[in-house]
1. With the checklist (1) modelled with pLDDT of 95 or more; (2) part of a helix (DSSP H, G or I) in hand, flag the one item ALA36 doesn't pass.
2. Restricting to segment 77-97, name every residue that is in a helix (DSSP H, G or I), of a type in the set (A, V, I, L, M) and closer than 20 Å to VAL58 by Cβ.
3. Give segment 96-105 a look and list any residue that's open to solvent by 70 Å² or more (accessible area, probe 1.4 Å) and either free of Cβ contacts under 8 Å to residues at least 40 places away in the same chain or within 15 Å of LEU72 (Cβ to Cβ) (or both), or say none.
4. Considering only segment 51-88, state which residues are open to solvent by 40 Å² or more (accessible area, probe 1.4 Å), touching a residue at least 12 places away in the same chain (Cβ under 8 Å) and of a type in the set (S, T, N, Q).
5. For the condition basic (Lys, Arg), open to solvent by less than 60 Å² (accessible area, probe 1.4 Å) and at pLDDT 95 or above, what is the one hit in ARG92, ARG48, ARG42?
6. So how many residues does segment 19-33 have that are in contact with a helix residue (DSSP H, G or I) (Cβ under 6 Å, 6 or more places away or on another chain) and either modelled with pLDDT of 95 or more or open to solvent by less than 60 Å² (accessible area, probe 1.4 Å) (or both)?
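The values are calculated or read from the model by the stated rules, or taken from the named source; none is laboratory data. Bear in mind the structure is a predicted one, so any value in this text is a computation, not a measurement. Note that we place each Cβ from the backbone using ideal geometry, even for glycine, and neighbour counts take in every protein chain shown. Only protein heavy atoms, including side chains, enter the accessible area calculation; ligands, DNA and RNA are left aside. Shrake-Rupley method; radii C 1.70, N 1.55, O 1.52, S 1.80 Å.
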Amino acid sequence: KRTRRKKRATAARTPTKSSGKARTAVTLDAPQADTALVDELRAWRLARARTEGVPAYVVMSNKTLLAVAAALPTTEAELLEVSGIGPAKVARYGADLLAELGSHT
């Protein structure tokens with residue numbers, strides 16, 4: 001006797017220009033985050049990831065970038081309050097991330 005499986009909800013997937021592979025689009029869901037700032041942070045993250053030879057999500061997740069854009073931290077102590085950022089990320093990326101945030105305003 002066959003049982004029916006429930007279909008899972010899936011995120012919309014669209015092919016990217018560079019690879020042709022489908023990737024989930026992440027939308028700006030933090031109302032207080034600036035779209036232009038989030039785009040700048042993603043560009044910063046991609047540059048850092050390429051420099052280090054790691055995937056961009058290893059540097060910082062999209063969710064963390066949105067939280068940073070919403071919080072607009074100005075010190076390393078404020079960065080530590082952002083979900084997804086701990087002492088290791090502050091030590092590795094803190095100064096550059098704060099400089100990127102400072103150049104946006």
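1. Among (1) modelled with pLDDT of 95 or more; (2) part of a helix (DSSP H, G or I), the lone unmet condition for ALA36 is (1).
2. Within segment 77-97, LEU79, LEU80, ALA88, VAL90, ALA91, ALA95, LEU97 meet the criteria.
3. SER103, THR105
4. SER61, ASN62, THR74, THR75, SER83
5. None of the other options fit; the residue is ARG48.
6. Number satisfying all stated conditions: 2.
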